[in-house]
2 protein chains.
Amino acid sequence: MEIGHHISQRYNQELEDIRTRVLKMGALVESQAEEAVKALLERDGKLAKKVASSDYKINRLEVEIDEECTQVIARRQPAASDLRLVIAVVKVITDLERIGDEAEKIATYSIKLAKKPPISAMHSTLLHLSELVLSMLHDALDSFARMDTDKALEVISRGSNINREFDDLSRLLITYMMEDSHNIKRALRVIWCARSLERIGEHSRNICEYVIFLVKGKDIRHTDLQEILAEHFPDDDSD
Amino acid sequence: MEIGHHISQRYNQELEDIRTRVLKMGALVESQAEEAVKALLERDGKLAKKVASSDYKINRLEVEIDEECTQVIARRQPAASDLRLVIAVVKVITDLERIGDEAEKIATYSIKLAKKPPISAMHSTLLHLSELVLSMLHDALDSFARMDTDKALEVISRGSNINREFDDLSRLLITYMMEDSHNIKRALRVIWCARSLERIGEHSRNICEYVIFLVKGKDIRHTDLQEILAEHFPDDDSD
């Protein structure tokens, strides 16, 4: 994708503006997700409260970028490749906004969890899942910023690790709940957080699919990815 | 929204085609959600398996409609109001596809739940939540089909009932888990289904917001809806 090949200097600027704003929104969403995870893991109620109440900034950016995209299409009547950019942006920001929602949910549960004793048995699994998800989000945004399809495919291939980690954590939590029924409420809140982390991973994956659609003009959503991944990562033995 | 006001008969036809396909996709998604719920409530493993394996039809429709929208924009360079339609369609079908995903998840859990004895204590609450969510989805699709903003607003106002029902069900399930730790796994699967139902409600709400955006040209996402709702339903005492 080369933005900046238009004769109209203004049009180039408009497309570049949209891209810059998406990156800005991405950075904001990433920092919200990071802080939500930090609040969860470090049981920091104050930080959790801050995250739980700053969602509106992300929401505002989504509405503004949507509006900008609609205006550019109406005014510039973009040709196919620019149009793909604009449509992909409209989709990417929907996923970004929903990542923001999930971060807010994690923060809301973290406020309550911070008031109770920690569940030390699952700290390391939860830490591991968080790291996986946050790195997936980071790299998804990076693949969008550079329009790097190799990276996008690599991020998509990491999805199955997240499912595995989530299953591990669920098993731990079920054991923990069975040990003492007083643990149930607290363990459920942790499961909700893990579910939200899993969703952040799914949205990151969606973003990568839009990057590939954008660059290759090829829609890989809902197709059998195994084939594409096997082609790109012949030595990868993960499923 | 009046489709059909263009001098080009073909262009009218193209917009009408897109609309028809979205309605077709909506009907398919609705029937998937209904069957998933039926499989869950009636513990019908066979039906659950059928639902869990027919997601691909919905996914295919999403990709096709996306493609059609991109082509119409590229070819017709639509004016503002038609453009709003196309952008709203691109957003609506993303939500429809994700409702399909949630129906698939409910079906997958239902396969396992059907093999175990029923949890009779929560049947009526689960039934109630399902009915609420399915009627919300039905009416959201209806508001899209007729471009009926009053109905769209009314559906949005129902969102808080779903949260209440979900909380009731969670409380019941926690009690049930505390009674006997052998219930935990089964109860968790029911909670996952309830969560998916809740998400279907959220996506239905999103669809209604796009209908309002489309007709009124007014973006009500992320704004304080209470004001708008109070204006429309002055006698409604629900929050």
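All of the numbers you see were taken from the coordinates with simple rules; none came from a lab. Since this is a predicted model, take the numbers as computed values, not measurements. In this analysis, Cβ positions are derived from the backbone assuming ideal geometry, glycine residues included, and neighbour counts consider all displayed protein chains.
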Calculated FRET efficiency for the pair B:Ser31/B:Lys216, C-beta based, R₀ 25 Å, to 0.05: 0.25
³J(HN,Hα) computed for each position of the stretch A:28-40 - Karplus, 6.51 cos²θ - 1.76 cosθ + 1.60, integer Hz, glycine/proline x: 5, 4, 4, 5, 4, 5, 4, 5, 4, 5, 4, 4, 5
Around B:Leu47: net Lys/Arg minus Asp/Glu count, Cβ-Cβ under 10 Å: +2
Coordinate range along principal axes, alpha carbons of the stretch A:64-188, Å, largest first: 63, 30, 17
Distance from the stretch A:149-210 to the stretch B:142-210 (C-alpha centre basis), Å: 21 Å
Shortest-first distances to equivalent copies, position A:Glu64, nm, label 7 Å out along Cβ: 4.0
Length released on extending from A:Arg43 to A:Ser181, taking residue separation times 0.36 nm less the Cα-Cα span: 47.5 nm
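Compare the peptides B:96-108, B:113-125, B:176-188 by average per-residue count of other Cβ atoms within 10 angstrom and give them in order, highest first.
Final packing ranking: B:96-108, B:176-188, B:113-125.
So if each residue of separation counts as 0.36 nm, and I subtract the Cα-Cα distance between B:Lys50 and B:Glu16, what length gain in nm does that give?
That works out to 9.1 nm of additional length.
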Cα-based helix-to-principal-axis angle, B:159-179 vs chain B, degrees rounded to 10: 20 degrees
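Under 1.5 on a/c is rounded, so check that first for the stretch B:9-232, then, if it is not, pick prolate when a/b is larger than b/c and oblate when it is not; a ≥ b ≥ c are the square roots of the alpha carbon gyration tensor eigenvalues.
oblate
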Computed log₁₀ I(q)/I(0) - Debye formula, equal Cα scatterers, no solvent, the stretch A:156-223, q 0.14, 0.24 Å⁻¹: -0.54, -0.98
Shielding by partners - mean other protein chain Cβ count within 10 Å, residues of B:76-87: 3
Whole-angstrom Cα spans of the protein assembly as shown along principal axes, big to small: 68, 51, 43
